[in-house]
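Undergrad: Here it is, the structure, as structure tokens.
The values are calculated or read from the model by the stated rules, or taken from the named source; none is laboratory data. Please read all numbers here as calculations on a predicted model, not as lab measurements. FYI the Cβ positions are ideal-geometry reconstructions off the backbone, even for glycines, and counts take in every protein chain you see. Just the protein is used for accessible areas: all its heavy atoms, side chains included, with ligands, DNA and RNA removed. Shrake-Rupley method; radii C 1.70, N 1.55, O 1.52, S 1.80 Å.
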Amino acid sequence: MATNLTKAATPRKTPPAAASFEAIRRRAKEMEGDTARFLCDLVRTQSFSGKERGVIAVIRREMRRIGFDEIRVDGLGNIIGRIGSGPRVMAFDGHVDTVLPGDRSQWAFDPFDARVEDGKVLGRGSVDQKGGVATMVHAGRIIKELGLNDQFTIYFTGTVMEEDCDGLCWQYILNEDGIKPELVVITEPTNLNIYRGHRGRMEIRVEVKGRSCHGSAPERGDNAIYKIARIALEIERLNERLRGDPFLGKGTVTISEVNSSSPSLCAVADESGIHLDRRLTSGETKASALAEVREAAARAGCPDARVVVLSYAQAAYTGKVYPTEKYYPTWALEESSPYLRCAVDAYAGVLGKAAFVDKWTFSTNGVATAGLKGIPTLGLGPGNEAYAHAANEACPVGHLSAAVAFYAALVARLNGKV
Ligand SMILES: [Zn+2]
């Protein structure tokens, strides 16, 4: 792509132009090559969950170059850039970690040798979701240049460990950093649609005890594997009974792992367990999901089965361990939300077409901001979510300027400037 990066990278010295959708759109387009360059820098800096230190430094450098009002890194390792100091508080969020590349033979290019080709930025994380990180930071630049904000303190959070434990980073920000936004904008990929929710999820372990004895006389014992097998079949039936929701879809449950132990391979198993992946739709909670699993165990003749929510306690790259339950609640912003109306208006104004409002299939940090804490949350991000966690991940360059323009326009709209 032919772009004069040096010119695009120089901050403007001219006074702010009058805010208008047209001015925002034009500036985002002018910066497009530089935004693609920044995204390439992010992709080249590998940042698997718990190993984000390097990419945080790249973001810090860019925020400093743009002139963010404050930049800090919290105890968990999240980078938090601030623009403005108004009485209202909002946040843009993008997680900076990525999943592994997987089988390299399925990639047509090197997943970490980021470059622009055929109008796309290629590489692991270009869609999920360093494109969102690059564009929100560059939206900050337009917000400053065009003077689009005076009512808000705006935080731009580059968050860690999302791929391992969605929302943990935001539990930390809300509980420990003292940031309380009235609105959170998630920048995960939406193919430039506006999303307002997704199903929740939880990880559940079911364990039963048996009584071991010599395998030559199994009638003397009580085989834990037979018990867990009967429970497993009840879980399959439970999945069929789970309810649907017109917006979020159906709740589901499936078994992702089974294990057992016995004193030897010539003995009756004395312990067995299954790991459940439960997706939660509207109205389903931790309590309701656990009650259903306990009931399934009772139906299988094992009312004394142990049913527990698993917990997450991996160390961040800073060394911080911030344990949490693996419960990620469902959330959906009401269709009548004034924030959603604002977003839809900003979208139409700056992108010249009506927004398609929908939901994510996967889970995001919204499980903490909206699911646990009830903070109005919505999202838009560059790239198609079909490329998330897939080989040959690539983000259209045109999506970058569109997302930058949308974020800046949303802030201008919330400030009543457009
Ligand atoms: Zn993601």
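Undergrad: For the range 366-381, indicate whether the set of residues that are under 19 Å from L146 (Cβ atoms) and surrounded by 20 or more Cβ atoms within 10 Å (Cβ to Cβ) is non-empty.
TA: Taking every residue of the range 366-381 in turn, none turns out to be under 19 Å from L146 (Cβ atoms) and surrounded by 20 or more Cβ atoms within 10 Å (Cβ to Cβ).
Undergrad: While we're here: Among the residues of the range 229-258, how many are open to solvent by less than 30 Å² (accessible area, probe 1.4 Å), in contact with an Asp or Glu (Cβ under 8 Å, 6 or more places away or on another chain) and not in a loop (DSSP other than H, G, I, E, B)?
TA: Number satisfying all stated conditions: 2.
Undergrad: Please list, ordered by residue number, the strands (runs of 3 or more DSSP E) wholly in the range 71-119 having 2 or more residues that are open to solvent by 50 Å² or more (accessible area, probe 1.4 Å) and at pLDDT 95 or above.
TA: Passing ranges, in order: 115-117.
Undergrad: Mind telling me which of the residues A313, A287 ends up being touching a Pro at 6+ places or on another chain (Cβ under 6 Å), open to solvent by 40 Å² or more (accessible area, probe 1.4 Å) and closer than 29 Å to V185 by Cα?
TA: It is A313.
Undergrad: Using the structure shown, decide if D164 is within 16 Å of the ligand (Cβ to nearest atom), assigned to a loop (DSSP other than H, G, I, E, B), surrounded by fewer than 24 Cβ atoms within 10 Å (Cβ to Cβ) and of a type in the set (D, E).
TA: The answer is yes for D164.
So that you can scan it fast, the table gives a plain yes or no per residue for (1) of a type outside the set (S, T, Y); (2) within 30 Å of E335 (Cα to Cα):
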{"residue": "D245", "(1), (2)": "yes, yes"}
{"residue": "K250", "(1), (2)": "yes, yes"}
{"residue": "S256", "(1), (2)": "no, no"}
{"residue": "S264", "(1), (2)": "no, no"}
{"residue": "E271", "(1), (2)": "yes, no"}
{"residue": "K286", "(1), (2)": "yes, yes"}
{"residue": "R294", "(1), (2)": "yes, no"}
{"residue": "A297", "(1), (2)": "yes, no"}
{"residue": "A300", "(1), (2)": "yes, no"}
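Undergrad: Next question. Does any residue of the range 404-416 turn out to be within 20 Å of the chain's Cα centre (by Cα), open to solvent by less than 40 Å² (accessible area, probe 1.4 Å) and either within 16 Å of the ligand (Cβ to nearest atom) or of a type in the set (D, E) (or both)?
TA: No, the conditions are met nowhere in the range 404-416.
Listed here are the residues, each with its yes/no results for (1) within 27 Å of the chain's Cα centre (by Cα); (2) within 22 Å of A57 (Cβ to Cβ); (3) more than 16 Å from the ligand (Cβ to nearest atom); (4) open to solvent by 10 Å² or more (accessible area, probe 1.4 Å).
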| site | (1), (2), (3), (4) |
| --- | --- |
| W170 | yes, yes, no, no |
| V185 | yes, no, no, no |
| I194 | yes, no, yes, no |
| G197 | yes, no, no, no |
| R201 | yes, no, no, yes |
| E207 | no, no, yes, yes |
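Undergrad: Quick check on the range 328-365: of everything there that is of a type in the set (S, T, Y) and open to solvent by 40 Å² or more (accessible area, probe 1.4 Å), which residue is nearest to G167 (Cα to Cα)? Even if it seems obvious, please write down each step before you answer.
TA: Initially, the range 328-365 is screened for residues of a type in the set (S, T, Y), giving 328, 330, 336-337, 339, 347, 361, 363-364.
Now drop any that are not open to solvent by 40 Å² or more (accessible area, probe 1.4 Å), which leaves 336, 339, 361.
On the way: S336: 25, Y339: 21, T361: 16 Å.
Out of the qualifying residues, it is T361.
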